[in-house]
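Colleague: So that we are looking at the same thing, I have put the structure below in structure tokens.
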Amino acid sequence: MKIAFVGKGGSGKTTLSSLFIRHLAASRVPVIAVDADINQHLGPALGLDETEAAGLPAMGAHLPLIKDYLRGSNPRIPSSESMIKTTPPGEGSRLLRVGETNPVYDACVRTVDLDGSAVRLMATGPFTESDLGVACYHSKVGAVELCLNHLVDGREEYVVVDMTAGSDSFASGMFTRFDMTFLVAEPTRKGIAVYRQYKEYARDFGVPLKVVGNKVQGPEDLAFLREETGDDLLVTVGHSDWVRAMEKGRPARFDRLEEGNRQALATLHRTADAAYGRRDWERYTRQMVHFHLKNAESWGNAKTGVDLAAQVDPSFVLSEGAVAPQPA
């Protein structure tokens, strides 16, 4: 199951995504955690110190390896240099699975221990000095989008992505890559504005969206969120001494998280799991192709010098039963 956490900057989406990852790990569910936010705070939220977080390999730095591996023997893609972030898989492409070992994971994944349970952590990587003033951050998250396009995951296998803040996610087609999107909203006008914008953009693509109310301090905050988000409001999270200690670098064992907040995370898990029955791999593949063709026409053809529409395999549908060639 592919899960995205989105929200206004400062809403607590990284904290909530890290708590959900910890909950899944405690439930012994296989998890790949992905930090796709420009601020790169997911590692510290999962307990890494500054040195460990800074040492995480940047997916963007390994983009040539990622492209070369995923291309496999796909005859529609003559070279990895012609692949862009939206390139869809086809016959001969290599696919990624949550629990496997492969060269992409070898290069980009680091294992994080969470109270005896391990999760795999991947990070897009921060801006470097050479990026300042000349690079768009979405060029970095392109590595995440390409991996998601080639990912086959099943029930009780989770990929949890901490996305960029606000509506920046809509600068690419990656917002359609998820089985469930949890929008973290504070009970404020700004928080609701991001929710309305996200829902409006997502509506035409059938993106499943639920609101997680954060920093809710009383009945008035709850009533405000209910009035503004209606049935989209799934659950709320209040003050947490456990989170405050975690933010100071001194977290207790996860089983000491407040009961109310543990129940909220269980609700997120049940909601995500229920989305499995609504999966539509054909629509997923169509949307993948749709954004690839848009990117090809907008900039991809000119950048690569080839007709990227030729990369689309009209007979291929990504699914749990899709078969990919094994690494050499």
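The values are calculated or read from the model by the stated rules, or taken from the named source; none is laboratory data. These numbers come from a predicted model, not from an experiment. Here the Cβ positions follow ideal geometry from the backbone for every residue, glycine too, while neighbour counts run over all protein chains shown. The protein model used for the area step is the full one, side chains on, heavy atoms only, and it has no ligands, DNA or RNA in it. Shrake-Rupley method; radii C 1.70, N 1.55, O 1.52, S 1.80 Å.
Colleague: Of the residues ALA53, ALA272, ALA302, which exhibits the maximal mean-square fluctuation in a Gaussian network model of the chain defined by a 10 Å Cα contact cut-off?
Modeller: ALA302
Colleague: Taking the Cβ-Cβ separation of ALA193 and SER240 as r and a Förster radius of 35 Å, what is the calculated FRET efficiency to the nearest 0.05?
Modeller: On the way: r = 25 Å, r/R0 = 0.72.
The value I calculate is 0.90.
Colleague: Accessible surface of THR14 in the full protein assembly, 1.4 angstrom probe, to the nearest 10 Å²?
Modeller: 20
Colleague: Treat each spin label as a single point 7 Å out from the Cα along the C-beta direction, and report the ALA252 to ARG270 distance in nm.
Modeller: 2.5
Colleague: Got a sec? What order do LEU65, LEU56 fall in by accessible area at 1.4 Å, biggest, i.e. largest, first?
Modeller: Numbers: LEU65 70, LEU56 40 Å².
Correct descending sequence by accessible area is LEU65, LEU56.
Colleague: With the crude spin-label approximation of a point 7 Å out along Cα→Cβ, what separation in nm comes out for ASP232 versus GLN217?
Modeller: 2.5
Colleague: I need two numbers for the chain: Rg to one decimal and Dmax as a whole number, Cα atoms only, in Å.
Modeller: 19.4, 60
Colleague: Any chance you could run the full-extension gain for ARG203 through VAL306? It's 0.36 nm times the residue separation minus the Cα-Cα distance, nm to one decimal.
Modeller: Working: separation 103, 0.36 × 103 = 37.08 nm, distance 3.27 nm.
Result: 33.8 nm gained on full extension.
Colleague: To continue, here is another question. Quick check: at a probe of 1.4 Å, how many percent of the accessible area of the chain sits on carbon and sulfur atoms? Working shown, then result.
Modeller: Values: 7240 of 14740 Å².
Heavy-atom surface of the chain belonging to carbon and sulfur, 1.4 Å probe: 49 percent.
Colleague: Counting only DSSP beta bridges with both residues in the chain, tell me the antiparallel percent, nearest 5. Kindly include the intermediate steps, with their values, before the conclusion.
Modeller: Details: 5 of 35 bridges.
In the chain, approximately 15 percent of DSSP beta bridges are antiparallel ones.
Colleague: Dividing the Cα convex hull volume of segment 242-305 by residue count, how many Å³ per residue is that? Could the numbers behind the result be given before it?
Modeller: Values: hull volume 11.0 nm³, N = 64.
Convex hull volume per residue, Cα atoms: 173 Å³.
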